[in-house]
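Throughout, read-outs are computed from the coordinates displayed, never taken from laboratory work. Here the structure is a predicted model, which means the values were calculated and not measured. Every residue, glycine as well, gets a Cβ built from its backbone with ideal geometry; the counts of neighbours run over all protein chains shown.
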Amino acid sequence: MCSSSKGRVWGWIAALSVIAELLVFTAAAPVNVTPEHEWNVAVSKSCSQSSHRSSKNNGFCGRALNGNKTGYYYDEEPNSNCQHTSDTETTNWWSVDLGLGIYIHKIIIYARVTFPKRMENISVILNGIEYCNTGASEGDARISFDSPQKVRYIQLTRIGQDQETAILNFCELEAYSCNFTRWGESCETKCGTGCPHSVPSHIQCDRITGACSGN
Ligand SMILES: [Ca+2]
């Protein structure tokens, strides 16, 4: 699975493409942030996907960014909580644009409760480069970085031989950065008192230097 956890089974192709990251994975523990010092910067951001299911509740890309991680697809409109690509394609992708490069330390992808195996063999691509692959793991996927990564585009791609091995169908993607009052690898430091707090507040205090935006 896409995670800094050790001992997971990786596909050979994925392993070769991310060997540099694997070497880093073994060098340090993932960033550990107190929950109240982080926030999900992906919610309600702009997204796109290769296709969407055109019947049975559709499956628009934004349903994976609506802030609701309940893993059910067949909720009543407009509260369906999962995206869903077409049943007919063997190559599917989904993408979110965070709007600008943001230092994030963790990504969580929530599976559809009734189809956890649809989380298998998903490539996680950051700014156009494959970072990891979920491999044979099913259910929710967690990617915890050893140090914050500056990311604007997160893309998930799934390629299979038939609809069940190729469909992208998950219920929420979260990408975590420090909240607007914090900076540092683990969001351990408070921003300076002179930092303005305005939208988008998560860039008012630089994650790496603590500098206030615009100063
Ligand atoms: Ca959702």
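Overview of results
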quantity: Burial ordering of Cys132, Cys195, fewest other beta-carbon atoms within 10 Å first; calculated: Cys195, Cys132
quantity: Ascending count of other beta-carbon atoms within 10 Å, so fewest first, for Thr181, Thr134; calculated: Thr181, Thr134
quantity: Karplus 3J(HN,Hα) series, Hz, for region 59-67 with 6.51 cos²θ - 1.76 cosθ + 1.60 (x for Gly, Pro); calculated: x, 4, 4, x, 6, 8, 9, 8, x
quantity: For His37, His84, order by how many other beta-carbon atoms lie within 10 Å, fewest first; calculated: His37, His84
quantity: Inter-part distance where region 80-130 and region 147-200 are each reduced to a Cα centre, Å; calculated: 12
quantity: Inter-label distance, nm, simple model (7 Å from Cα along the C-beta direction), Glu36/Ser55; calculated: 5.1
quantity: J(HN,Hα) series, region 124-131, from Karplus relation 6.51 cos²θ - 1.76 cosθ + 1.60, nearest Hz, glycine and proline x; calculated: 9, 10, 10, 6, x, 10, 5, 9
quantity: Environment charge at Thr88 (Cβ cut-off 13 Å; Lys +1, Arg +1, Asp -1, Glu -1); calculated: -3
quantity: Loop GluC sites (Glu not before Pro), region 107-185, which have at most 16 other Cβ atoms in a 10 Å radius of their Cβ (DSSP); calculated: Glu138
quantity: ³J(HN,Hα), Karplus 6.51/-1.76/1.60, whole Hz, each residue of region 162-171, x for Gly, Pro; calculated: 8, 4, 6, 8, 10, 4, 9, 8, 9, 10
